[in-house]
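Structure record follows, encoded as structure tokens.
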Amino acid sequence: MKKIVVLILCLSISGFAQQKSKAKPKTNIPLIKDEPKPAVPILTDADELLEIKSNEPNPNDLLDITVSIPKPKTPNAGQSVYNEIGLNGEFTFNKKIGFSVNAPEGDLVSYFYLNTKNGNSMMDWKGLKEMLTETVEGEMTQIKNSNNDFYQYTKSSEGNFAMKMGSGQSMVVHDLQTGMLSKQFFKTFKKTGNKVGKVGGNKYPRVEYSGISEGKKMSIWLSHPQEILIDTKFTYSISGYWGLGFIASPTGKTYMITGIEGEGVSIFMNYIENTSANFSGKGYKPMGEMMGQAMAQNSVEMNAAMQQMYAEANAEEDPKLKQLKLQQIEQTEKLLKNANSNATNFSQTSDLQDAPFVKDANSEDAMVNYYNMMLTSLDQSIREHQLGLKEAQENNDAKSTNRYTCLINCTSNEKNRLEKVKAQHIKILSQYKNDGEKRDEKINQLMETQGMPMACECE
């Protein structure tokens with residue numbers, strides 16, 4: 001099972017990295033249950049509207065004039081983005097999009113499926129396998145909905161499992177589903193004048209837009225939308241993996257995103273074709289149920305361990321050491337209570353954000369308790385060494401006296417180191433609570449430079 005979980009996490013990180021340039025931190029907003037109200041114009045200034053309209057592509061730059069593509073009379077995409085499908089639901093797709101990625105780490109070619117009605121996209125096992133450089137056990141399918149929530153389905157010799165990644169908010173609230181991003185894109189990303197026709201195997205004439213995203217220069221290539229027309233009463237974007245798909249301008253025109261470039265990485269659409277693909281979540285066991293069963297079994301073992309800890313603490317003759325042991329029991333019980341609560345949530349949602357280790361890693365209270373447990377354990381060791389030193393001195397045992405003195409000093413130094421790491425770790429969690437990427441980067445740096453404990457070498 002460990003291999004499955006590791007691979008799940010790897011693919012989860014990969015999936016989110018593909019979307020990080022587009023999605024801002026999510027906020028908890030009540031679930032939208034009603035039908036969307038008629039669109040309210042997002043632009044009220046005529047000059048601003050003209051400026052944006054002038055920045056839109058020239059249709060003659062996007063379309064091979066020798067090929068006639070009928071223009072839809074009414075919107076035909078995006079009307080179902082508010083429809084949520086559960087883990088055990090049925091997913092359908094009407095487009096297959098092939099793409100290529102060129103990056104310093106290596107190049108790859110694969111494809112994904114897209115539903116232009118609801119924005120769901122899927123990478124099946126065959127498509128994922130084309131992106132892997134090594135053989136892995138089991139098979140996986142990953143589905144991303146219009147809210148950038150990921151569903152992952154795993155087939156293995158141990159069973160078929162399903163889980164969510166990135167959920168926790170109402171449907172369609174990130175910027176790509178609003179006119180705000182559309183307006184921002186066509187104001188801040190400008191036409192460079194570069195355009196590419198049907199040359200060198202390129203099937204879709206495109207124009208380049210260049211701009212700054214999160215402080216980094218990026219180029220976005222837009223093409224003719226084929227037969228797709230987004231209904232802007234519901235959404236302004238229908239995009240799949242790697243950001244490829246469709247975007248509507250504030251004036252209501254739809255364009256196809258066929259290329260994204262930035263920081264030495266380029267992603268281009270190789271083809272888009274009609275298809276009729278489907279996937280069923282039936283027959284997959286929610287990962288939360290599996291963890292719930294494991295936690296139930298673990299609870300029995302932990303209760304027995306806690307009883308042993310109580311017995312040892314009550315039998316302790318040294319008052320200070322007894323107090324420290326009881327303190328650690330209290331901290332352990334708090335940790336277990338919190339873990340059981342998170343496990344209960346995860347068993348009901350199978351959402352990675354509810355998994356105990358994810359919740360605890362980003363919780364200041366949980367991390368404070370975690371560090372306090374380790375510090376209490378060091379205090380116990382120091383007290384035990386102090387008692388050993390006292391006995392050695394009473395017995396005039398010079399060798400043991402030197403050894404216990406060394407252990408006391410070494411363990412005290414380790415406690416001081418850990419207290420500093422604790423303070424910095426909690427500060428990072430507080431300072432970057434709304435920037436998960438920066439938070440994780442800072443914590444990784446802290447662990448790499450100061451996180452390793454120092455071993456005591458006392459003869």
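The values are calculated or read from the model by the stated rules, or taken from the named source; none is laboratory data. This one's a predicted model, so the numbers in the text were calculated from it and none came from an experiment. A quick note on method: Cβ atoms are made from the backbone with ideal geometry, for glycine too, and the neighbour counts reach across all protein chains shown. Just so you know, the surface numbers come from the protein's heavy atoms only, side chains and all, with ligands and any DNA or RNA stripped out. Shrake-Rupley method; radii C 1.70, N 1.55, O 1.52, S 1.80 Å.
Quick notes
- Residue-by-residue Karplus 3J(HN,Hα) for the stretch 283-288, coefficients 6.51, -1.76, 1.60, Hz, glycine and proline x: x, 9, 8, x, 4, x
- A DSSP coil position with no more than 13 other Cβ atoms inside 10 Å describes the following GluC sites (Glu not before Pro) in the stretch 55-148: Glu105, Glu130, Glu134, Glu137.
- Alpha carbon centroid spacing (whole Å) that separates the stretch 52-123 from the stretch 125-152: 18 Å
- Computed label-point distance, nm, for sites Arg417 and Lys71 using a 7 Å Cα→Cβ extension: 7.0 nm
- Between Lys322 and Ser299, the C-beta separation translates, for a Förster distance of 35 Å, into a calculated FRET efficiency of about 0.85.
- Dipole magnitude of the stretch 308-459 about its Cα centre (Cβ charges: Lys, Arg +1; Asp, Glu -1), debye to nearest 20: 360 debye
- If the chain linking Asn395 and Ser341 were pulled fully straight, counting 0.36 nm for each residue of separation and taking away their Cα-Cα distance, it would gain 14.4 nm.
- The Cα atoms of the stretch 46-92 define a convex hull whose projected area, averaged across directions, is 6.6 nm².
- Sorted peptide list for 141-150, 450-459, criterion being average Cβ within 10 angstrom, highest first: 141-150, 450-459
- For the set Lys95/Lys216; Lys96/Lys217; Lys144/Lys334; Lys129/Lys217; Lys325/Lys415; Lys190/Lys442, the pairs lying more than 25 angstrom apart at their alpha carbons are Lys95/Lys216; Lys96/Lys217; Lys144/Lys334; Lys129/Lys217; Lys190/Lys442.
- In the stretch 297-395, inverting the average of 1/r over every pair of distinct C-alpha atoms gives 15.4 Å as the Kirkwood radius.
- Surface composition of the stretch 214-291: carbon plus sulfur atoms hold 49% of the accessible area, using a 1.4 angstrom probe and ignoring ligands, DNA and RNA.
- One equal scatterer on each Cα of the stretch 391-458, no solvent, Debye formula: the resulting log10 I(q)/I(0) at q = 0.12, 0.17 Å⁻¹ is -0.48, -0.68.
- A protection proxy built from the mean count of other Cβ atoms within 10 Å ranks the segments 300-306, 98-104, 159-165, 373-379, most packed first, as 159-165, 373-379, 98-104, 300-306.
- Cα-Cα pairs of the stretch 64-212 separated by more than 26 Å (percent): 44 percent
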